[in-house]
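J.: Okay, handing you the structure first.
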Amino acid sequence: MASTVRYHLLQPESSQPNIDDKDDPSSVLYLSGNPKVSKKEIYMIFNGIVLILFLLVGIFLVFSIIFANSQKSKHMPSQKGELSRKNLSSDRSLHEPVLFPYTGYRLPNHLYPNYYAIDFRPNYDRLITNGDMVIAITCKVKTNFIVLHKKQITIASISVTSVDNKNSSIKIAQTMENPIYDFYYIQLEEYLWPHRQYVVYIKFISRIKIKLFTGFYRTQYTTATGIT
């Protein structure tokens, strides 16, 4: 009676599934739950998620900076109308910004100028001009301030007197400047009264310009014979 021999093929140990792959963090099955996904694909997905997170954080930071700057600009005082103040009665300069009291962009019409007298004393060696100016005005409306135009000069002293009151001096409380409209504001301690005349005396210093042809400047030319 013939005997039957049966053969059983044994799979190599490396081809047998490892039951511990489910608990191995480095295995693909552990990361994806799908044995068909490769490690390379898992890393690409992970890197994509990290890149998206970085982009979202960057966008958030940009919008945060823009919002913070907009809030800061709302609370910052505008340059228009905020000017440095100087009190001529004191040697102490005040550097804090103050609101310019006159809001118009033209000179007020509560004072009427009768005439101007200007005296220039230029020094061409030092390129400096010393000058005096007298302005006679008539008051039309009761007021306690005077607004003048001032540009590219330094006022050394200023005084206001009353013609109708024996040239008595009127004290100046403070002065301010508005470089936006070139205004010079004179605040008085007393009121100017309608139909009365007053005189404003100003001593000033300015530089003689040699490159910019504005204000008081020096220029020269050469004649046909070579004389400059």
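The values are calculated or read from the model by the stated rules, or taken from the named source; none is laboratory data. Model, not experiment: these values are computed from the prediction. No Cβ is skipped: glycine too gets one built from the backbone with ideal geometry, and neighbour counts run over all protein chains shown. The accessibility values were calculated without ligands, DNA or RNA, using every heavy atom of the protein model including side chains. Shrake-Rupley method; radii C 1.70, N 1.55, O 1.52, S 1.80 Å.
J.: Multiply the residue separation of ASN47 and LYS142 by 0.36 nm, subtract the distance between their alpha-carbon atoms, and state the gained length in nm to one decimal.
T.: Gain in length upon complete extension: 26.4 nm.
J.: Here's another thing I want to ask about it. Compute, for LYS150, the solvent-accessible surface of its heavy atoms (probe 1.4 Å) with the complete set of protein chains present, and express it in square angstrom to the nearest 10.
T.: Looks like 30 Å² after rounding.
J.: To continue, here is another question. Just grab the label-to-label distance for LEU56 and SER159, each label 7 Å out from Cα along the Cβ direction, in nm (one decimal).
T.: 7.6
J.: Let me check something: with ligands and nucleic acids excluded, how do ARG196, ARG126 order by accessible area (1.4 Å probe), largest to smallest?
T.: Largest accessible area first, the residues go ARG126, ARG196.
J.: Let me ask another. Largest first, what is the accessible-area ranking of HIS149, HIS195 with a 1.4 Å probe?
T.: HIS195, HIS149
J.: Between GLU189 and PHE216, what is the label-to-label distance in nm when each label sits 7 Å out along the Cα-to-Cβ direction?
T.: That separation, rounded to one decimal, is 3.1 nm.
J.: How much accessible area does PHE120 have with a 1.4 Å probe, in Å² rounded to the nearest 10?
T.: Result for PHE120: roughly 100 Å² accessible.
J.: Probe 1.4 Å, all protein chains in place: accessible area of GLU41 in Å², nearest 10?
T.: Roughly 90 Å² of GLU41 is accessible to a 1.4 Å probe.
J.: Using a probe radius of 1.4 Å on heavy atoms only, what accessible surface per residue do you get for the range 150-202? Whole Å² is fine.
T.: 55
J.: Okay, moving on. Counting only protein chains, not ligands or nucleic acids, how are TYR201, TYR221 ordered by accessible area (probe 1.4 Å), most first?
T.: TYR221, TYR201
J.: When only Cα pairs under 8 Å and 6 or more residues apart are kept, what is the percent relative contact order across the range 115-228?
T.: 33
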